[in-house]
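Asks: This is the structure, below, for whatever I ask next.
Any read-out appearing in this document is the output of simple, stated calculations on the displayed coordinates, not a laboratory observation. Every value quoted in this text rests on a predicted model; they were computed, and no experiment measured them. We place every Cβ from the backbone using ideal geometry, glycine too, and count neighbours over all the protein chains shown.
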Amino acid sequence: MTAAASPALVTPPTDPTAGPLSVPSALQLIGNTPLIEIRKVRDGVAPRVRILAKLEGFNPGGSVKDRPALSMIEDGLRRGKLVPGKTIIDSTSGNTGIALAMIGAALGYPVQLVMPGNVSTERKRVATAYGATLTFSDPLEGSDGAIRLCRSIIAADPNRYFKPDQYFNEANSLAHYRTTGPEIWRQTAGAVTHFVAALGTGGTIMGTGRYLKEQRPDLQVVAAEPEDAFHGIEGLKHMASSIVPGIFHAEQLDRTIGIDTDDAYNMVYRLGREEGLLVGQSCGAAHIAALTVAREIEAGTVVVIYPDFGDRYMSTNLWRGWQPNELPGVNGRQA
Ligand code: PMP
């Protein structure tokens, strides 16, 4: 025996000869994302409390939004609202747009996206690479400005468009009720005690939370929300200062935890360095909320959604000005 790391510490990659050899399209790769145990960024959490992160970046469009986008498009097709000749249009802060663009490309429908002009360059380019047309709203008006501009575009030519309308379409949260929730229940063998997700449309937390509570009524559903209106956590909404999504029902949450943008960014730096998980800003926010609830209990299983990976944010404020600090293990952003 050598002094090398114990083989038990290293899990080999999945056997490439196992499982189905191919799937008919990218759409079949949506969902069934992995859960990973967070072992290091635990900050005083009791040993009998597990923190498990669901890595939604493994969806083919790169985020959790593949699930509701597919669900809303399938619903539109089923109801005859989306028919050949129509364009799929929506206002989106980014990930939903990328998901719609990917699914539109796979199904052969044109996609037009209305987004605030200041969303990350990577997101704009990715959506364009899937063939979508982009229209930009005033960055100062945030996601509400994109919602308003999208409404006026549709009003000018109503028959031309199919609008999935993620903020008001129950097929958004139903996607999570039908897939994310059951996956977590199965992946934890029913052990999940707390479910944590960050708030955008609220679809993830509403649908997943409802499913998990039906299985286990004492399960706690915990939301992470930006602390103030002018935050830098892409994809999230500060509900008090926003148009509240029709699918969001605050009374179904057990708790909401306010998150500071800099704290979320610092958590992203730590997850990269300490766990080997390079994730997006909202994952940092969600992880802070997960730690807050995990620290308060003696035993349990906290499942937290990590909505996407971090590589599509490299040009955003998250990484701009960032430098590794001279103190080992400590990173920061320079002014
Ligand atoms: N994080 C990111 C990066 C997102 O794009 C979104 C969706 N806007 C969310 C979190 C929140 O998801 P939901 O819309 O289901 O609340």
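Asks: Who wins for biggest fluctuation among Leu29, Leu113, Leu70 in a Gaussian network model of the chain, springs between alpha carbons below 10 Å?
Replies: Leu29
Asks: Where does the chain land on the Kirkwood hydrodynamic radius, alpha-carbon pairs, in angstrom?
Replies: Computed over Cα pairs of the chain, the Kirkwood hydrodynamic radius comes out at 20.6 Å.
Asks: Using only Cα atoms, what Kirkwood radius does segment 242-286 have, in angstroms?
Replies: About 12.2 Å for segment 242-286.
Asks: If you don't mind, another one. In which sequence would His287, His238, His231 go, from the one with the fewest C-beta neighbours within 10 Å to the one with the most?
Replies: His238, His231, His287
Asks: Next question. Quick one: among Ile88, Ile38, Ile98, which has the greatest mean-square fluctuation in a GNM of the chain with alpha-carbon springs under 10 angstrom?
Replies: Fluctuation is largest for Ile38.
Asks: Right, here's the next one. Just need log10 I(q)/I(0) for segment 66-162 at q = 0.15, 0.19, 0.25 Å⁻¹, Debye formula, equal scatterers on the alpha-carbon atoms, no solvent, rounded to two decimals.
Replies: -0.53, -0.86, -1.37
Asks: Sticking with this one: What order do you get for Leu236, Leu100 when you list them from fewest to most C-beta neighbours inside 10 Å?
Replies: Ordered from fewest to most neighbouring Cβ atoms within 10 Å, Leu236, Leu100 come out as Leu236, Leu100.
Asks: A follow-up question, please. Would you mind ranking Ile205, Ile103 by Cβ crowding within 10 Å, fewest neighbours first?
Replies: With the fewest neighbours first, Ile205, Ile103 line up as Ile103, Ile205.
Asks: Sticking with this one: What residue among Val83, Val23, Val303 has the largest mean-square fluctuation in a Gaussian network model of the chain, using Cα springs under 10 Å?
Replies: Largest GNM mean-square fluctuation: Val23.
Asks: Pull up all non-local amide H partners of Val114: gap of 5 or more, or a different chain, and H-to-H distance under 5 Å with H placed in the peptide plane.
Replies: For Val114, the qualifying residues are Asp90, Ser91, Thr92, Thr135.
Asks: So if each residue of separation counts as 0.36 nm, and I subtract the Cα-Cα distance between Phe136 and Ala26, what length gain in nm does that give?
Replies: Full extension of this stretch gives 36.8 nm more.
Asks: In nm, what is the difference between 0.36 nm times the number of residues separating Glu227 and Ile243 and their Cα-Cα distance?
Replies: 4.1 nm
Asks: Pick out, from Leu278, Val111, Ser315, the residue whose Cα sits farthest towards the positive end of the charge dipole of the chain, with +1 on the Cβ of Lys and Arg and -1 on the Cβ of Asp and Glu.
Replies: Val111
Asks: Can you compute the equivalent ellipsoid semi-axes for segment 149-253, i.e. the square root of 5 times each eigenvalue of the Cα gyration tensor, sorted largest first and rounded to whole Å?
Replies: Result for segment 149-253: semi-axes of 29, 18, 10 Å.
Asks: How compact is segment 41-121 by the rule of thumb for globular proteins, expressed as Cα Rg over 2.2 N^0.38 Å? Display every interim value, and only then the final one.
Replies: Details: Rg = 17.1 Å, N = 81, 2.2 N^0.38 = 11.7 Å.
After normalising by residue count via 2.2 N^0.38 Å, the value is 1.46.
Asks: With a ≥ b ≥ c the root eigenvalues of the C-alpha gyration tensor of segment 165-207, is it rounded (a/c under 1.5), prolate (a/b larger than b/c) or oblate?
Replies: Here segment 165-207 falls in the oblate category.
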